[in-house]
Structure formats: C-alpha cells, structure tokens
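Take a look at the structure below.
The values are calculated or read from the model by the stated rules, or taken from the named source; none is laboratory data. Values in this document were obtained by computation on a predicted structure and should not be read as measured data. Every residue, glycine as well, gets a Cβ built from its backbone with ideal geometry; the counts of neighbours run over all protein chains shown.
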Amino acid sequence: MSSAAASRARPDSRLRGFTLVELLVVLVIAGMLLGLVGTSISRSISGAEMRVAARKMTAALRYTRTRAILDKHEEVFLVDTENRRYAAPKRAAVELPEGMKVALTTARSELTAESVGGIRFYPDGGSTGGFVELETNGRVYRIDVAWLTGEASLHLTDN
C-alpha cells in the first residue's frame, strides 16, 4: 500500500467532528437563549393580560354609568385595592390578575374603608369623578372618570 492510499484510509485528525465540550457549550448557550425568549414571551402575555383587565374595568365603569342613567338612581362602582378586585352594580366582583397593583383616587366621601372606595354615578350621567391606575412590570394603565360627564377613558401612561 502506498503512502497516498494509507493517508486516504486513515481519517484526518482535523475532520473528526466536534468534541463533547464544544457540544455542551453550544447546548448551554441555546438553553440560555431559550430562557430569555421564554421570559420575554411571559412578559408580553402579562402585558396582554393587563390590557384586557384595564379594558374590562373601563367597560364595567361605563356599565355602571349606564345603569345609573337607565334606572334613574345613583350607582356606585367599588374598588378594593388591597384584594385587587372591583364590582359593578348587579354584577359579581371581578378579581384582577396576580401581581397587578391597583390604586384608586376618588372623592373622600366615597372611601368606605382604608383600601375600599368607589366612584358614584348619578342619573344625569355625571359622577364623583376620579381615576383608577393598574400597574404591572412598570407599565401603568390609567382609567379616568370625568366628574361632569361620567365618561370613562383608558390611557397607557408613560413612567
């Protein structure tokens, strides 16, 4: 056997493939990247949950105003900031997602406890006014209720 044939028969040490250490390094890097992507996705889901919760609360405030106008008597929308829940009249209380912070600013006369207060709507459509802030992961949604018209509007605030 000639030396050229012998070199073709025996594998070249430079073409052997990857070492175990190289494969482990690649797997660790891939795992870290997947972990970052998973965290990013969970934050966006949390953002979507927050957006839905803010829209539902805005709808509940509008419902309360409509009930006051249609029934021709005052209705109160209650917010419990400690237990993260709110209640519109003639509807079950709604609990907000875990980890969401709730803050209520309303007329002093509408505070029923340290962490419970309300926004009162009148038959003419007006209200006591105020706002509710929902916060998660540094993102804040603010629902303003105009005292004169009772209109509820949702805004994403910049921090």
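Odds and ends about this structure:
- Considered as a group, the residues in segment 118-132 that are in contact (Cβ under 8 Å) with a residue 24 or more places away in the chain and at positive phi include one that is surrounded by the most Cβ atoms within 10 Å (Cβ to Cβ), and that residue is Gly130.
- Residues that are assigned to a strand (DSSP E or B), among the aliphatic types (A, V, I, L, M) and surrounded by 15 or more Cβ atoms within 10 Å (Cβ to Cβ), drawn from segment 133-159: Leu134, Val140, Ile143, Val145, Ala152, Leu154
- Failed criterion for Ile143 (all others in (1) closer than 22 Å to Ala48 by Cβ; (2) over 22 Å from the mean Cα position of the chain (by Cα) hold): (2)
- Selection count, segment 61-78, where residues are under 13 Å from Ser127 (Cβ atoms), more than 28 Å from the chain's Cα centre (by Cα) and either among the charged types (D, E, K, R) or not in a helix (DSSP H, G or I) (or both): 1
- Any hit, segment 19-35, residues being in a loop (DSSP other than H, G, I, E, B) and modelled with pLDDT under 95: yes
- The listed residues are Pro123, Pro89, Pro97, and the only one of them that is part of a loop (DSSP other than H, G, I, E, B) and in contact with a strand residue (DSSP E or B) (Cβ under 6 Å, 6 or more places away or on another chain) turns out to be Pro89.
- Search result, residues across segment 76-101 that are buried (at least 18 other Cβ atoms within 10 Å of the Cβ), in contact (Cβ under 8 Å) with a residue 24 or more places away in the chain and farther than 11 Å from Ala60 by Cβ: Val76, Asp80, Thr81, Leu96, Met100
- Filter result for Arg108 (surrounded by 13 or more Cβ atoms within 10 Å (Cβ to Cβ), free of Cβ contacts under 8 Å to residues at least 12 places away in the same chain and closer than 24 Å to Val140 by Cα): no
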